[in-house]
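The values are calculated or read from the model by the stated rules, or taken from the named source; none is laboratory data. What you see is a predicted model, and the numbers here were worked out from it, not measured in a lab. In this analysis, Cβ positions are derived from the backbone assuming ideal geometry, glycine residues included, and neighbour counts consider all displayed protein chains. All accessible areas refer to the heavy atoms of the entire protein, side chains included, with ligands and DNA or RNA removed. Shrake-Rupley method; radii C 1.70, N 1.55, O 1.52, S 1.80 Å.
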Amino acid sequence: MRKSLCVLLAAVLAVSAFSGCTVQQNPDADDGKLHVVTTIFAPYDFARQVGGDDVSVTMLLRPGCEVHSYEPTPKDIIAIRNADVFIYVGGESDAWVKTVLDGVDNPNLRVVTLMDCVELLDEETVEGMQTEKHDHADADAEPDEHVWTSPRNAARICRKLADTFAAADSAHAAAYAQRCGDYVEKLNQLDAKFRDVVEHAARKTMVFADRFPLRYFADAYGLDYYAAYPGCADAAEPSAATVAFLIDKVRAEGIPVVFTIELSNGKLADTICEATGAKKLEFATCHNVTAQAFAGGATYLQLMERNVQVLREALN
């Protein structure tokens, strides 16, 4: 992939040079706003909340698309090249970013890496989980990329964004700080709601018939979990052993809810629910949203508030 990206980047920069370096993804490039580009939904929404009307935010991942199959287009690379601030996760799924940034000549571009904003946890493989087909037994554990799934981590990320926006646009520094403070208070309230649900729950175990990109969330609230795959696994057809293990766990522990994540086909959850009588519910990980939800102005807080409700049902 690196070689193809280098070729793509060279072509993009040649086109930019030929056009006088005026190519912009956003037609309002001279609107006086700070231009922010993000890869996925969670930092896109954080940037909107912290930046308010002083920023223009572009999300590269199209609504409704699966993040693990994303590859940058020439338009995406041009958007990064012309941005004031670029925000990305920083894990293995973002490996393409280094190649792009190495070839982008924009000395004023400020880059925020979400994984640099928080204390990292390693991705883990729990009992019954189907891992990648190739053997990782002797490999070092990879840091889990899904840092935004904990509201407290979301608050840390937002503070970093406020500082970065202020450094790039000092005229609105006070406004960025004010909006960040207001939003962090809402994140703290969200965190308190999750803690209350877990504190008064009948059980502390979640079951995901899907990937599990919620290591930081589970760790924040002391939750145990079983899942079909690690967070960044290629979710092919699950093995019979994985299906049987999850069915047995749901039956043995009387688990009332089996979760899927957004944009999943839900077939594995259907199988487990049919075998156990459990209810299938969606738990939003905030990687991305549907095109309809995006057009309707969906936010991280809205999605996580729904998670409060479905978690309460799952743990009781």
Regarding region 236-316, what are the three Cα extents along the principal axes, ordered largest first, in Å? 39, 30, 16
Enter the accessible area per residue of the chain (Å², integer; probe 1.4 Å; all protein chains in place). 47 Å²
What residues have an amide H closer than 5 Å to that of Asp210, excluding those fewer than 5 places away on the same chain, when H is modeled at 1.01 Å from N in the peptide plane? Ala228, Tyr229
Give me P(r) over the chain, computed from all C-alpha to C-alpha distances, binned every 10 Å, as integer percentages. 6, 25, 32, 23, 11, 3, 0
Those lysines that a straight Cα-Cα span of less than 29 Å connects to Lys75, excepting residues fewer than 8 apart in one chain: Lys3, Lys33, Lys98, Lys160
So how do 249-255, 163-169 stack up, highest first, on mean other-Cβ count within 10 Å? 163-169, 249-255
Residue-wise, which Karplus ³J(HN,Hα) couplings in Hz belong to region 100-111, taking 6.51 cos²θ - 1.76 cosθ + 1.60, θ = phi - 60°, and x for glycine or proline? 5, 5, 4, x, 9, 9, 9, x, 8, 5, 9, 10
What is the helix-to-structure angle for 2-18, meaning the angle in degrees between its Cα long axis and the longest Cα principal axis of the chain, kept from 0 to 90 and rounded to the nearest 10? 30 degrees
Return a single number: how many Lys pairs in region 174-286, at a sequence separation of 8 or more or on separate chains, have alpha-carbon atoms below 15 angstrom apart. 4
Computed, not fitted: 222 nm per-residue ellipticity of the chain from DSSP H runs ≥ 4 (each -39500 (n - 2.57)), nearest 500, equal to -14000 deg cm²/dmol
With all protein chains present, how much of the accessible area of the chain (probe radius 1.4 Å) comes from carbon and sulfur, to the nearest whole percent? 48 percent
With viscosity set to 1.567 mPa s at 4 °C, what whole-number translational diffusion coefficient in µm²/s follows for region 33-122 from Stokes-Einstein and a Kirkwood radius over Cα pairs? 96 µm²/s
R0 of 30 Å, Cβ-Cβ distance Asp122-Glu199: FRET efficiency to nearest 0.05: 0.65
Kindly write out, for region 39-54 in residue order, the coupling ³J(HN,Hα) from the Karplus curve 6.51 cos²θ - 1.76 cosθ + 1.60 (θ = phi - 60°), rounded to whole Hz, with x marking Gly and Pro. 7, 10, 6, 4, x, 4, 6, 4, 5, 5, 5, 6, x, x, 6, 8
